[in-house]
Amino acid sequence: MANLNPKRVMIWAHPRSLSTVFELSLASRQETKVFHELYSIAYHFGDDRVYPNDEVTVPGYTYKDVIETLESGFPGNDVILCKDIAFCLDGKYDRLPKGYTHTFLIRDPRRSIVSLCKTYRATDAPLDTLPPTGGVKQLRDLHNYVTDTLNQESIIIDASDLADKPEKIIRKYCEAVEIPYCDSYLSWKPDNIDYWHAIWKHAAIHDTCFGNAVKSTHFKPLPDKGNPFVITDLPPQAQLQVEAALPYYDELFQKRIQP
């Protein structure tokens, strides 16, 4: 019998926070319907896009389209999961889908923004097209809206905790959002992106932004673990982003699920 009332979960993140690896981990469960960054498509490529993109349009991805998709029925799936980037809401919370538990994934901006710089140097995209905190403030603001206005529980995980102790963190996460835990969350098949929109599979985006995550099969400690925080080698603009982001990250970090 079809499940008429599946559990619906949003994972909100900021860029370079291990969010795609976490998504692919949870996507390993067959009964879970997963969506990859629908709001990001609307923000960057939709007909009502915010990003200054005059070259590529993806039809059928207005914000209204995204909401309708996420609120649709999904016979045969008992969990509906969507991972996305918080700043792609553009601060308009009436764009949130109804019926979802909203959760949050964070990473120290001294790590995530360093990773952003590596990514955007590779793609030649300027940092000034991103929010001035690398998206961390927008994630904090959305979290506060979810907890203060929607009266939902604060459910936050940190990328380092997830990478270091995935079983413990994911078990606690699944309990908090009331979805089944599966052993496949710790060991999954690579290249499981059939459900992704074609725009994310384009080589220019896939290889630079998602390549390592798509090839992953399990969690492992982040490559910068144990290294000292050094941001003075970053461009001045990136250094300012890190400094601006840290208070918002620290605020969320204090509320995270403990390993």
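The values are calculated or read from the model by the stated rules, or taken from the named source; none is laboratory data. Worth saying up front: this structure is predicted, and the values here are computed from it rather than measured. Every residue, glycine as well, gets a Cβ built from its backbone with ideal geometry; the counts of neighbours run over all protein chains shown.
Kindly provide the set of residues from the range 150-173 that are within 19 Å of the chain's Cα centre (by Cα), touching a residue at least 24 places away in the same chain (Cβ under 8 Å) and part of a helix (DSSP H, G or I), ordered by number.
Selection gives Ala159, Ser160, Asp161, Leu162, Ala163, Asp164, Pro166, Ile169, Ile170, Lys172, Tyr173.
Quick one: is Asp54 at pLDDT below 95 and either farther than 18 Å from Asn192 by Cβ or not in a helix (DSSP H, G or I) (or both)?
yes
Quick check, is Ala176 out of contact with any His (no Cβ under 6 Å at 6 or more places or on another chain), within 22 Å of Thr103 (Cα to Cα), assigned to a helix (DSSP H, G or I) and hydrophobic (A, V, I, L, M, F, W, C)? Working first, answer last.
On the way: out of contact with any His (no Cβ under 6 Å at 6 or more places or on another chain): yes; within 22 Å of Thr103 (Cα to Cα): yes; assigned to a helix (DSSP H, G or I): yes; hydrophobic (A, V, I, L, M, F, W, C): yes.
In short, yes.
Please verify whether the range 216-239 includes one or more residues that are surrounded by fewer than 16 Cβ atoms within 10 Å (Cβ to Cβ) and small (Gly, Ala, Ser).
Yes, that holds for at least one residue.
Suppose we keep only residues that are surrounded by 13 or more Cβ atoms within 10 Å (Cβ to Cβ) and free of Cβ contacts under 8 Å to residues at least 12 places away in the same chain within the range 97-138. Which one would you say is nearest to Ser154 (Cα to Cα)?
Of everything passing the filter in the range 97-138, Tyr120 is nearest to Ser154 (Cα to Cα).
Which of the numbered conditions does Asp191 fail, given that it passes all the others? Conditions: (1) touching a helix residue (DSSP H, G or I) at 6+ places or on another chain (Cβ under 7 Å); (2) closer than 30 Å to Gly46 by Cα; (3) surrounded by 12 or more Cβ atoms within 10 Å (Cβ to Cβ); (4) not basic (Lys, Arg).
(3)
Name the one entry in Ser40, Ser28 that is in contact with a helix residue (DSSP H, G or I) (Cβ under 6 Å, 6 or more places away or on another chain) and surrounded by fewer than 20 Cβ atoms within 10 Å (Cβ to Cβ).
Ser28
Exactly one condition in (1) surrounded by 15 or more Cβ atoms within 10 Å (Cβ to Cβ); (2) under 14 Å from Leu26 (Cβ atoms) is false for Asp183; which is it?
Result: Asp183 passes all but (1).
Does the range 247-259 hold any residues that are among the hydrophobic types (A, V, I, L, M, F, W, C), outside any loop (DSSP other than H, G, I, E, B) and surrounded by 17 or more Cβ atoms within 10 Å (Cβ to Cβ), and which are they?
Result: Leu252, single match.
Among (1) within 16 Å of Tyr248 (Cα to Cα); (2) modelled with pLDDT under 95; (3) of a type outside the set (Phe, Trp, Tyr); (4) out of contact with any His (no Cβ under 8 Å at 6 or more places or on another chain), there is one condition Ser112 misses while meeting the rest; what is its number?
Every listed condition holds for Ser112 apart from (4).
Against the definition (modelled with pLDDT of 95 or more, outside any strand (DSSP E or B) and of a type in the set (D, E, K, R)), how does Lys64 come out, yes or no?
Answer is yes for this residue.
Could you say whether any residue in the range 78-95 is under 25 Å from Ala176 (Cα atoms), of a type in the set (Gly, Ala, Ser) and part of a helix (DSSP H, G or I)?
For the range 78-95, residues under 25 Å from Ala176 (Cα atoms), of a type in the set (Gly, Ala, Ser) and part of a helix (DSSP H, G or I): present.
Check whether at least one residue in the range 201-214 is more than 18 Å from Pro259 (Cα to Cα) and either of a type in the set (D, E, K, R) or modelled with pLDDT of 95 or more (or both), and report yes or no.
Yes, the conditions are met somewhere in the range 201-214.
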